[in-house]
Amino acid sequence: MSNMETDPVEMLCGTDAERGAEKPRVEVISPREVPLGGPRAMTVRRTLPQRARTLIGAWCFADHYGPDDVSATGGMDVAPHPHTGLQTVSWLFSGEIEHRDTLGSHAFVRPGELNLMTGGHGIAHSEVSTPRTTILHGVQLWVALPDEHRHTEKDFQHHVPEPVHIDGAEIRVFLGSLAGSVSLVRTFTPLLGAEIALEPRASVTLAVDPGYEHGLLVDHGDVRMADTLLRPADMGYAHPGIGALTLTNESDVRARTVLLGGPPFEEEIVMWWNFIGRSHDDIVRARDDWQKASERFGTVKGYDGDRLPAPTLPNATITPRRNPPRH
């Protein structure tokens, strides 16, 4: 998915210089609403990046959308747009999205199926909800590539994780490993990505890597992460230093969450619009290449319409922002 803000916020994402090994508290990251353009546009709830927190591991972008009745909203129609320096992770709860990219990939995003696209040096793609879609509902996530891999070649992977059932929960691990399930999808940093559904009033304790920080995005239901209650669209953030996470569904209905994790990302990255670089000049160069229809990004074939133009750059050097220091 493209970041469709007309005045996108520049971000320089880094890591806290000092992270201890004590048991982390859970911080609540509340979403901000972002319209994706047009009079009938979808509105997404964005929890990453924000001024309060810009990364969780290498996860640098999280949009949560729906359930949207496409007859009212018009659904998703994101024209060809570019990406650099990142991987996109598409995960649906309902609906179907048609994906086309400049590798020639023509694929569909369906509930319980992962589509992961590597932007690297440069890729472009389009995303359109299909006529079969009545309710569109899911998350769009980005992963920052480490410096040594940020110019890697374009790539596209598709994976359908088998659900794992434990007492009170159903888990689908689309990246990394959890509850004995391992995803074989290739990433460039250690990551965890999993959908966790909790039965009414159920509580589960999951072993996790103590070197990871974690974010739990609540889609449906009221879920307690450790001692902190999270409402729908909230994300709970847990610092590194624990070997288990306890999740409790405080609702009388089935709850659904997405758990993200990874070791603290030890690099600073500049993020603007759909580009991730290491400097203001990286962003300027990527934007210029896109506007000039450079071979760097290629051409998306099969999309009926024009590509997205890049927004205007700010009239200043893109300024860095960091995660807040840990106290």
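Note on the stretch 282-297: residues that are under 26 Å from I97 (Cβ atoms), out of contact with any strand residue (DSSP E or B) (no Cβ under 6 Å at 6 or more places or on another chain) and not in a helix (DSSP H, G or I) total 2.
Residue under question is P190, and the condition is that it be in contact (Cβ under 8 Å) with a residue 60 or more places away in the chain and either open to solvent by 50 Å² or more (accessible area, probe 1.4 Å) or acidic (D, E) (or both); does it hold? Yes; evaluated as a whole, the condition is true for this residue.
Out of E250, E268, one residue alone is in contact with a Leu (Cβ under 8 Å, 6 or more places away or on another chain), open to solvent by 40 Å² or more (accessible area, probe 1.4 Å) and at pLDDT below 95. It is E268.
Out of G211, G168, one residue alone is open to solvent by less than 60 Å² (accessible area, probe 1.4 Å) and farther than 21 Å from G57 by Cα. It is G168.
Looking at A238, A310, A286, A255, just one residue is within 18 Å of L141 (Cβ to Cβ), among the small types (G, A, S) and open to solvent by less than 30 Å² (accessible area, probe 1.4 Å), and that residue is A238. For the stretch 140-156, a tally of residues being open to solvent by 20 Å² or more (accessible area, probe 1.4 Å) and assigned to a strand (DSSP E or B) returns 2.
For the stretch 306-323, the set of residues classified as at pLDDT below 95 and small (G, A, S) consists of A316 only. Counting the residues of the stretch 50-65 that are open to solvent by 10 Å² or more (accessible area, probe 1.4 Å) and in contact with a Leu (Cβ under 8 Å, 6 or more places away or on another chain) gives 0. Sub-6 Å Cβ pairs linking a first residue in the stretch 92-119 that is of a type in the set (F, W, Y) to a second residue that is part of a strand (DSSP E or B), at least 6 apart or interchain, are F93/P111; F93/H137; F93/G138; F108/E98, ordered by first then second residue.
Is it the case that the stretch 102-110 has a residue that's surrounded by fewer than 19 Cβ atoms within 10 Å (Cβ to Cβ) and of a type in the set (S, T, Y)? Yes: the stretch 102-110 contains one or more residues that are surrounded by fewer than 19 Cβ atoms within 10 Å (Cβ to Cβ) and of a type in the set (S, T, Y).
The values are calculated or read from the model by the stated rules, or taken from the named source; none is laboratory data. Not measured: the values here are computed from a predicted model. Cβ atoms come from the backbone with ideal geometry, glycine included; neighbour counts cover every protein chain shown. Please note that ligands, DNA and RNA were not included when accessible areas were found on the heavy atoms of the full protein model with its side chains. Shrake-Rupley method; radii C 1.70, N 1.55, O 1.52, S 1.80 Å.
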